[in-house]
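A short write-up of the structure that comes next.
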């Protein structure tokens, strides 16, 4: 008799347990850098680290191969070619200049070159050298490092 | 009493039993209804309800458990049950809450590949904690995004520029000679890891050995921080072994007794010594010569400016800031005359020295590149005793020194440490954390093993590395990617074995190629260094005369370059042999060798000048004379330097000749290519041709 009662209580108890138990605390929220694919230091503020996603990270890689020579004041080789080029090319983090320009427009200037878009011929066309994916990545990188920060048209709405 | 209420009579018993049975049966459906993933799916439909794209999103959102099954990879992945928007482009951006946000752009389709292939974690779990938990010893804890490139490396075993952290980590694994003690599948042991120590006693003193073994760093910056030894990561290749004083005494005794071949001091021409020893500027002359020969292309020197010490120069060879306090002067002279006689695998070229140069440069190194206080705190034990030497030899074997260093009478110790080929797939339960107070994760374990190995295993023999956090994360990423052979046979096509091609030309060129170690910096047919241009097509690119002049007096074509080709002091005959070999053998099939410069008329050149300066504005990157940019090489002497066939082929498609070159590929017409080629061929420094172009430009523009 007692054994049967115990059995019943045990059944009830285990049913309750399976219903409510088994949950543990969700993992702590990690910092933005902890989950960043890559990162870039703010060009104007060495203390500020900008997390980059995959696409922005590819843009950074291509930028430092192809574009850094004229669109930054410091290059992996040391001096920049920016001062040799007139009109002076915009810095790639220059949000004041680049933020108002659409992704589509920037993509055309990069792909077809400055002269095709009524700008300086000193900007060569890159559509034969870079893929559309790479050009999009370059623009995503510019948006990520922009100072003042870039707000996408979707975000503004 | 209780028994009476519940079990008083059979009817009561039956009623209670039925009630309990009904509740028990209801548990499963109730529990199912309150499942976490149903909660997220309800949240998702609420979230999309008021969006403008609600209809489209709802049409694609199916309820129930979602599953991505990749039998070839052994992956069952139910993450999309809650991560409902990963493939919805309209749900991109930080404004969309997790877990509904679209996956950021990546080269693989997340819907086809699932999540755990990259993120790890429990793909088959359907509640958050079980799928994500990193603290419990799951077989596959989720990988923090910082290390996600490790997953790229489990399949992509060749270089992967898209994954910079993984690439750098792999470089560090090679740089720090991890392969000396550990086996890593797919990585071969190089011919030489650490230097051969067979004659180390003739090179350095016992005191220097003591200092090096204790703390293998030779520089101290203005803040008293010990820094670099030729490695820009701040870590010398030689790790710290944390030896006690007795061990240091014995090992330094053993090593300083290694002098199989004594040094015969070189006999300088007495007249040279007599003349130079009287001159006061010998050291200055030596320094000037050291600079002119571009020793700094491979060797760095510490330079202190405004209180900050930085290394200037390359890292192919060791840093030389304190070399004068390190090596025996007689050894230095012999080394410079013939490095391979001391160290067979050395990449140092054998320069053709005149006695004057050799005397001046060694005087400079012994006088200026010194640190009088380097060995100040080192005990002086005098000559090694037999007992010390014997104890030192035992230590040398016990500490695994022979894993990286060859020494007479000690067999090489391969696979001294554990095999790392499967490290990235190790279960946390298989790791021994000892008394270390660190999170029980594979990542924490790897980082502790590298930066403080004794904390994990006080009896371990693993030496200590002092990496900064970024380098530590990079090398951890590379180690996490080592999960053994990829999970499926179908993936093998993705994997390109690391290339091990060798290029050993024969004959007179082969001898010079070895003497000047051309391959330390240049690539030949896929083999060699990457510091300097690939010479596989050099014969198609350059004229023989230019090559000879360049080798006799290397002037860089790129004014901003810090690391330049050293001056080897080679004879004209040697330069001719090398030029002939390159011209005949190192050819590109894409370059038309038969093009005759005479086919290009001054009129074409004038039209080309117009294109160069106005339409395409090549001067933004290239210099002619003193004007222009310095992204590309100077074209001032292009007519003497380049062949017409090369210029044409280059203008058509630069990347076909030099993959990865940053000159953009334009869409020039054939006419434009010919005119530009004509213009570049007319550019000759000091030659009459440049004047000819200017003279004819008025007529040629038509």
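Here are the numbers for this structure:
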read-out: Separation between Cα centres of region B:232-300 and region B:35-76, rounded to whole Å; value: 68 Å
read-out: For the protein assembly as shown, share of DSSP beta bridges that run antiparallel, in % to the nearest 5; value: 95 percent
read-out: Average Cα contact separation per residue, region A:32-148, under 8 Å, 6 or more apart, as relative contact order %; value: 29 percent
read-out: Cα centroid separation - region B:513-540 against region B:391-435, whole Å; value: 35 Å
read-out: Cα shape, region B:507-585, gyration tensor, a/c 1.5 rule; value: rounded
read-out: Full-extension gain in nm, residue B:408 to residue B:240, via 0.36 nm per residue minus C-alpha separation; value: 58.1 nm
read-out: Estimated FRET transfer efficiency when R0 is 56 angstrom, pair residue B:569-residue A:152 (beta carbons, to 0.05); value: 0.40
read-out: Value of relative contact order over region B:507-585, rounded to a whole percent, pairs C-alpha under 8 Å and six or more apart; value: 29 percent
read-out: Relative contact order [Cα under 8 Å, 6+ residues apart], chain B, whole percent; value: 12 percent
read-out: Over chain B: helical MRE at 222 nm, DSSP H runs n ≥ 4 each giving -39500 (n - 2.57), nearest 500; value: -11500 deg cm²/dmol
read-out: Whole-angstrom gap from region A:45-113 to region B:618-679, using each part's C-alpha centre; value: 24 Å
read-out: Cβ-Cβ FRET estimate between residue A:32 and residue B:188, R0 fixed at 35 Å, reported to 0.05; value: 0.35
read-out: Chain lengthening between residue B:50 and residue B:470 when straightened (0.36 nm per residue, less Cα-Cα); value: 146.8 nm
read-out: 0 to 90° range, to nearest 10: angle between helix B:689-700 axis and chain B longest Cα axis; value: 70 degrees
read-out: Tilt relative to chain B, helix B:245-256 - C-alpha long axis, 0 to 90 degrees, to 10; value: 40 degrees
read-out: Folded to 0 to 90 degrees: helix B:442-451 orientation relative to chain B principal axis, Cα; value: 30 degrees
read-out: Backbone N within region B:652-685 under 18 Å of label point (7 Å from residue B:614 Cα along the Cβ vector); value: B:669, B:671-680
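Taken together, the values in this text are just the output of simple stated rules run on the coordinates, not laboratory data. Computed from a predicted structure; not experimentally measured. Cβ: placed from backbone, ideal geometry, glycine included. Neighbour counts: every protein chain shown.
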